[in-house]
1. Specify the residue that is modelled with the lowest pLDDT; the eligible residues are those in region 67-85 that are surrounded by fewer than 17 Cβ atoms within 10 Å (Cβ to Cβ) and under 16 Å from PRO149 (Cβ atoms).
2. Considering ARG99, ARG116, ARG66, ARG40, which residue is in a strand (DSSP E or B) and out of contact with any Phe, Trp or Tyr (no Cβ under 8 Å at 6 or more places or on another chain)?
3. Given (1) free of Cβ contacts under 8 Å to residues at least 12 places away in the same chain; (2) over 19 Å from ASP50 (Cβ atoms), where does ASP103 come up short, assuming only one miss?
4. Of the residues in region 86-117, how many are surrounded by 14 or more Cβ atoms within 10 Å (Cβ to Cβ) and of a type in the set (Asp, Glu)?
Amino acid sequence: MYAEQSINNEKGYTLVEMLLSLAIFSLIIVYLTNMVLLLRYHTYSSEIADQMQWEMFMNQAKREIRQSDEIFLTASYNRILFWKDGTNTLYERYGNRIRRRVDGMGHQLILFRIRRFDYEQIPHGIKFIVTHENGKIYEEEIYLPREIPITNNK
């Protein structure tokens, strides 16, 4: 009698259960493949670090330039000086780095491993050109939102 009941009580693997299992399996596979791609993309490399440094440098330079009352470019010393409310901020080359100093004090290194640091005045702004030690050249133009006097001492 027991054998007879177990045969009658067995339920098969239904189509709904199979579709649900396939959907869960597909989600897991999609998640894992995307995770592997993200891990490969974010692998630390010096090129990514250099690009991030450049972007951080440019964001800070844009903020300093756009908030300035007056800008002085000194090509002979390779310096840029920003005046704002009696405070001066200086960007200058320091060995193979660019450093930032406020009122002649401090020593904040803001860009590393550079071979060359150049800038030029363009209409309504300043163009930065930095050659990295690996030979890659980074360039960006910063446009001024208002008329800021720029003194260019060559």
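The values are calculated or read from the model by the stated rules, or taken from the named source; none is laboratory data. Please read all numbers here as calculations on a predicted model, not as lab measurements. Because the Cβ atoms are built from the backbone with ideal geometry, glycine has one as well, and the counts that use them run over all protein chains shown.
1. THR74
2. ARG116
3. (1)
4. Number of matching residues: 1.
Residue-by-condition table, conditions (1) of a type in the set (A, V, I, L, M); (2) in contact with a helix residue (DSSP H, G or I) (Cβ under 7 Å, 6 or more places away or on another chain); (3) over 20 Å from ILE150 (Cα atoms); (4) at pLDDT below 90:
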site: LEU38; (1), (2), (3), (4): yes, no, yes, yes
site: ILE48; (1), (2), (3), (4): yes, no, yes, yes
site: GLU55; (1), (2), (3), (4): no, no, yes, no
site: ARG101; (1), (2), (3), (4): no, no, no, no
site: ARG116; (1), (2), (3), (4): no, no, yes, no
